[in-house]
Amino acid sequence: MTSPNIDSDTERTVKIQPIDKFESMARLDQFEVIKKIGQGTFGVVQKARDKKLGNLVALKQLINHSAKEGFPITAMREITILKRLNHKNVLKIEGMIHEEPKTATPQDIITQRGVFYTVSPYMSSDLVGLLENPATELDVPTIKCILQQLLEGINYIHQQHYLHRDIKAANILLDPNGVVKIADFGLARLYHGQLPLRGKGPGGGERNYTALVVTRWYRPPELLLGERKYTTAVDMWGVGCVFGELFTKKPILVGSSDSKQAQIIFDLVGPPNRENWPMASLLPNKPDLNIGLTCKRTLETRFQPLLGDTGADLLSKLLTLDPKQRYNALDALDHAYFTTDPKPILPEQIRRFEESHEIDKERFKRLRTSTWSTEHAPKRPRAEQERNDRSVALIRDGNGMKPPTGPLAMKPDYF
């Protein structure tokens, strides 16, 4: 197997972060907390300033409800993986903070573990915030620049033998210099199998993994149909969803359940058949999702007016039903969309936007005057997959939870 530190497409040795980078933990009082910029089931993200160095950072609090639960599994996975990655389009963790618990009785020592924080460079915006902000207008050269950087980051992750498994707009950040950063590796994991190469399809696919990954609106059809030996193509479907969202300013595939999600996907790209996805009929959930099989493809009609011919073609390649035929990141980077006018600008040429984060979306809604946008826009799922991931961990660890049932039930054995 190719070393995970070698990019097989360029034969270039990739430098990783030193494994012993965190020599000691910082203290919370070393930072001046400015404001909250994010919140979810994982905890709270705050904008802060390092009092000694003066630079801005993001402090991500890791919720640990009880000392008996141990260190949060998603945080452990994220920290471990990010310590092994070093790329301009992947968010770095620069340090850790541990705040001692406040204890009044001996019993508190058992129930209280204190609070951990990760320290990362401050990102001025995430894509959800930018797209929800009515003052933000992304022109085509800017969109191409953002997408190109996203693909470069995804390609790096895949070439290091990792799946991200939660690509969505909320996890795509921009720093003040216009550089895209892929964040939230709580669901990421090492994959086994070949690396994705130009024109050779996706990487991986040799082992079974849990299907409880990827936030539903960005979840690829193979996961909905029960595929367990999935590949790097699951991340590329998410990239396609984000690509379309950069133009529509809202998620393009909004399902309230997995069955409805499949229906909406088939309405956009057409239903699976022997020609466009020969292996679909063998997947375990296919009989339960034999819905919408008479629907007609609408992708070109819906997106050609927004993306143009080459843009719609790239979107089609990213949102291909058959994961074996779906574009990998290298294929997408070679697409004519990036060489046709208007061409992508450089990151440093992206204009400075107002700071915009997902937590600001309610404020942005109040700024809009359109009745439709305030009353009928779909509500984005809040950290859905952190809840799923926690449930899987509890099931696996035997903490008394009953496993899910029904056609989409999973065992956590291959997590």
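The values are calculated or read from the model by the stated rules, or taken from the named source; none is laboratory data. Nothing here was measured: the structure is a model prediction, and the numbers come from that model. Note: ideal-geometry Cβ built from the backbone for every residue, glycine included; neighbour counts use all protein chains shown. All accessible areas refer to the heavy atoms of the entire protein, side chains included, with ligands and DNA or RNA removed. Shrake-Rupley method; radii C 1.70, N 1.55, O 1.52, S 1.80 Å.
Modelled spin-label separation between S259 and D175, with each label point placed 7 Å from Cα along the Cα-to-Cβ direction: 4.7 nm. Computed from backbone phi, the HN-Hα couplings of the stretch 44-52 come to 10, 10, 10, 7, 8, 10, 5, 5, 7 Hz, rounded to whole numbers (Karplus: 6.51 cos²θ - 1.76 cosθ + 1.60, θ = phi - 60°; Gly and Pro given as x). For the stretch 297-358, the spherically averaged projection of the C-alpha convex hull amounts to 6.4 nm².
Computed extension gain for T298 through H192, at 0.36 nm per residue and net of the alpha carbon distance, reaches 34.6 nm. Derived scalar couplings between HN and Hα for the stretch 196-210 equal x, 10, 4, x, 10, x, x, x, x, x, 8, 10, 7, 10, 5 Hz in order, rounded to whole Hz, by the Karplus curve 6.51 cos²θ - 1.76 cosθ + 1.60 (θ = phi - 60°), x for Gly and Pro. Using heavy atoms of the protein chains and a probe of 1.4 Å, the accessible area assigned to H335 is about 20 Å². Within the full protein context, the accessible area of K229 is estimated at about 100 Å² for a probe radius of 1.4 Å. Summarising the label geometry, the points placed 7 Å from Cα in the beta-carbon direction at K365 and I34 lie 2.6 nm from one another. Stretched out straight at 0.36 nm per residue, the stretch from L53 to M76 would grow longer than its current Cα-Cα span by 5.6 nm. For K365, K296, the ranking by accessible surface with the largest value first comes to K296, K365, using a 1.4 Å probe.
Protein-only accessible surface at a 1.4 angstrom probe places the residues D334, D126 in the order D334, D126, largest first. Placing a pseudo-label 7 Å from each Cα along the Cα-to-Cβ vector at T340 and D309 gives an inter-label distance of 0.6 nm. Only protein heavy atoms count here; on that basis, with a 1.4 Å probe, M279 has an accessible area of about 90 Å². Compared with the alpha-carbon gap, the fully stretched path from R352 to K102 is longer by 85.8 nm at 0.36 nm per residue. Cα centroid separation, the stretch 319-362 to the stretch 191-208: 22 Å. Measuring spread by the Cα atoms of the stretch 121-263 yields a radius of gyration and Dmax of 15.2, 46 Å. Rolling a 1.4 Å probe over the heavy atoms of the protein chains gives the stretch 243-333 an accessible area of 45 Å² per residue.
With θ taken as phi - 60° and the Karplus curve 6.51 cos²θ - 1.76 cosθ + 1.60 applied, the whole-hertz 3J(HN,Hα) list for the stretch 160-174 is 8, 6, 10, 9, 7, 6, 7, 6, 7, 4, 5, 9, 10, 10, 10 Hz, x standing for glycine and proline. Cross-link pairs exceeding 26 Å between alpha carbons, from the set K83/K260; K47/K361; K260/K317: K83/K260.
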